[in-house]
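Participant: Starting off with a structure, shown below.
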């Protein structure tokens, strides 16, 4: 299957962004078909392209993959970003799931009712500095290696660095006491493929603004 | 090396400065073992049974219990009943993100439900024979797991919201998930969801079917193939055993369970 992977989603980060990051970091060129109207989403549902009527959906190697994690794991396996054996994979999964948990909180923030938002942000910041970042800093400290698992770049590093950028967007001071994480962020950011992705004009999507939020709500019919 | 020392076939003991980086353990066990090899007597290194740390109920651990049971793997359980137990686990550095489920297996302290499930599925040859099968299993398992977690979380909601959540689970099962699996079985006409072989996806689907049936007994009425599937998978000896009273399968969450969890986690 010589074709490039094709990503079906709306023109924003959402649940597709981590997939974009992973493909980009793996040096894989991909196409994007943006869902712009609710009717576009309906069409995908009606032609049987979306197994559980949901996006993200990625067409790759002749299959229409859904479920973010399934997609990420398939891509990681294909491009050797999943460790060298089952045990490394277990660690990579464990770390990736932790990143996903915090990432999910940040992802859903725009949908938070305005009167609850400040409290939610405070909770996210607390989880960041008390639960998640210390865990990853400790992992790096314990082995002193450049990457989280097996002294080799894996999906866990890419997901974590993506998260660190999100954390920085929320509040740069949150990273202050995590020197090893800052080092990982710099190191991964300097990998040629990642460096390219971080430059303007790449397929990386900007933070959600009011306009994009309204568009997403309209497309996904969220009240 | 603290973790290396604790691998000598004896029960993992809690030591003070536990290093959470198990990839320093010599990785000298076979990468993939067949079902036959798994059942052979093993050197002391692999003799310890997996140990599960969780509350005394389903929650996020139940799918793990199902997978181990279906694979014919004996496991031990430590139930979290007091705040002190939980704080000790945290203090000892055994919970990477301060959370359970925790499964001690093969010298690792694994947390994060999906990480544990994937590891077990791979270890017991329930994760497909190649990446294309694996991704199908992952897609199906992720879908059913999402549905079951909705049920687990509903237990903690106020009564009105709980009713609403559970009704939504039944609706999603009937309109989003079960039709998909019915079609998959119809299209290939095989006994199992993927690759004509029993996998993690089949175990999760059965677990989900039974869970939704507890909410609405008629939920399979439009799905004849899923009815047959349910019977067929339930009759697999390891699963049949797990479905009998006295097994390590846990009952649906009740107010006692919710209270116990709230108490331990101080929610």
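The values are calculated or read from the model by the stated rules, or taken from the named source; none is laboratory data. Keep in mind that this is a model prediction, so the values were computed, not measured. FYI the Cβ positions are ideal-geometry reconstructions off the backbone, even for glycines, and counts take in every protein chain you see.
Participant: Do we find that residue A:53 is on the phi > 0 side of the Ramachandran plot, within 12 Å of chain B (Cβ to nearest Cβ) and within 14 Å of the chain's Cα centre (by Cα) in this structure?
Facilitator: The answer is no for residue A:53.
Participant: What residue, of B:171, B:157, B:162, B:129, is in contact with a strand residue (DSSP E or B) (Cβ under 8 Å, 6 or more places away or on another chain), more than 9 Å from chain A (Cβ to nearest Cβ), surrounded by fewer than 19 Cβ atoms within 10 Å (Cβ to Cβ) and modelled with pLDDT of 95 or more?
Facilitator: That would be B:129, the only listed residue that is in contact with a strand residue (DSSP E or B) (Cβ under 8 Å, 6 or more places away or on another chain), more than 9 Å from chain A (Cβ to nearest Cβ), surrounded by fewer than 19 Cβ atoms within 10 Å (Cβ to Cβ) and modelled with pLDDT of 95 or more.
Participant: Any chance region A:65-75 includes a residue that's out of contact with any helix residue (DSSP H, G or I) (no Cβ under 8 Å at 6 or more places or on another chain) and either surrounded by fewer than 22 Cβ atoms within 10 Å (Cβ to Cβ) or at pLDDT 95 or above (or both)?
Facilitator: No.
Participant: Only one of A:145, A:126 is surrounded by fewer than 14 Cβ atoms within 10 Å (Cβ to Cβ), out of contact with any strand residue (DSSP E or B) (no Cβ under 7 Å at 6 or more places or on another chain) and within 14 Å of another protein chain (Cβ to nearest Cβ); which?
Facilitator: A:126
Participant: Among the residues of region B:98-112, write down those that are crowded, with 21+ Cβ neighbours inside 10 Å and in contact with a strand residue (DSSP E or B) (Cβ under 9 Å, 6 or more places away or on another chain).
Facilitator: If the condition is that a residue be crowded, with 21+ Cβ neighbours inside 10 Å and in contact with a strand residue (DSSP E or B) (Cβ under 9 Å, 6 or more places away or on another chain), then B:100, B:101, B:102, B:103, B:104, B:105, B:109, B:110, B:111 are the ones that fit.
Participant: Can you name the residue in region A:84-97 that is within 11 Å of residue A:148 (Cα to Cα) and more than 7 Å from every other protein chain (Cβ to nearest Cβ) and, of all such residues, is surrounded by the most Cβ atoms within 10 Å (Cβ to Cβ)?
Facilitator: A:96
Participant: Do we have residue A:81 as within 7 Å of chain B (Cβ to nearest Cβ) and either surrounded by fewer than 23 Cβ atoms within 10 Å (Cβ to Cβ) or within 16 Å of residue B:118 (Cβ to Cβ) (or both) here?
Facilitator: Taking the combined requirement at face value, the residue does not satisfy it.
Participant: Tell me whether region A:12-26 contains one or more residues that are within 12 Å of chain B (Cβ to nearest Cβ), at pLDDT 95 or above and touching a strand residue (DSSP E or B) at 6+ places or on another chain (Cβ under 6 Å).
Facilitator: No: zero hits.
Participant: All but one of (1) surrounded by fewer than 18 Cβ atoms within 10 Å (Cβ to Cβ); (2) more than 19 Å from residue A:12 (Cβ to Cβ) hold for residue A:156; state the number of the condition that does not hold.
Facilitator: With respect to (1) surrounded by fewer than 18 Cβ atoms within 10 Å (Cβ to Cβ); (2) more than 19 Å from residue A:12 (Cβ to Cβ), residue A:156 is out only on (1).
Participant: Could you list all residues from region A:103-118 that are closer than 15 Å to residue A:68 by Cβ and within 14 Å of chain B (Cβ to nearest Cβ)?
Facilitator: Matches in region A:103-118: A:103, A:104.
Participant: Quick check: is even one residue across region B:136-149 under 25 Å from residue A:66 (Cα atoms), within 10 Å of chain A (Cβ to nearest Cβ) and not in a helix (DSSP H, G or I)?
Facilitator: No, there is no match, as no residue in region B:136-149 is under 25 Å from residue A:66 (Cα atoms), within 10 Å of chain A (Cβ to nearest Cβ) and not in a helix (DSSP H, G or I).
Participant: For region A:149-162, does any single residue satisfy the condition of being over 17 Å from the mean Cα position of the chain (by Cα) and away from chain B (no Cβ under 14 Å)?
Facilitator: Checked against the condition, which is being over 17 Å from the mean Cα position of the chain (by Cα) and away from chain B (no Cβ under 14 Å), region A:149-162 yields no hits at all.
Participant: If you check residue A:158 against the conditions, is it at pLDDT below 95 and either assigned by the TED database to the domain that holds residue A:90 or part of a loop (DSSP other than H, G, I, E, B) (or both)?
Facilitator: no
Participant: Now a separate question. Among the residues of region B:229-240, which ones are surrounded by 13 or more Cβ atoms within 10 Å (Cβ to Cβ) and over 10 Å from residue B:202 (Cβ atoms)?
Facilitator: If the condition is that a residue be surrounded by 13 or more Cβ atoms within 10 Å (Cβ to Cβ) and over 10 Å from residue B:202 (Cβ atoms), then B:230, B:234, B:238 are the ones that fit.
Participant: Taking region B:115-133, which residues are in contact (Cβ under 8 Å) with a residue 60 or more places away in the chain and not in a helix (DSSP H, G or I)?
Facilitator: Listed by number, the residues that qualify are B:124, B:125, B:126, B:127, B:128, B:129.
Participant: Within the bounds of region A:106-123, is there any residue that is without any contact (Cβ under 8 Å) to a residue 60 or more places away in the chain, outside the structural domain of residue A:62 (by the TED database), crowded, with 17+ Cβ neighbours inside 10 Å and in a helix (DSSP H, G or I)?
Facilitator: no
Participant: Residue B:92 passes all but one of (1) under 23 Å from residue B:260 (Cα atoms); (2) within 14 Å of chain A (Cβ to nearest Cβ); (3) surrounded by 19 or more Cβ atoms within 10 Å (Cβ to Cβ); which number fails?
Facilitator: (3)
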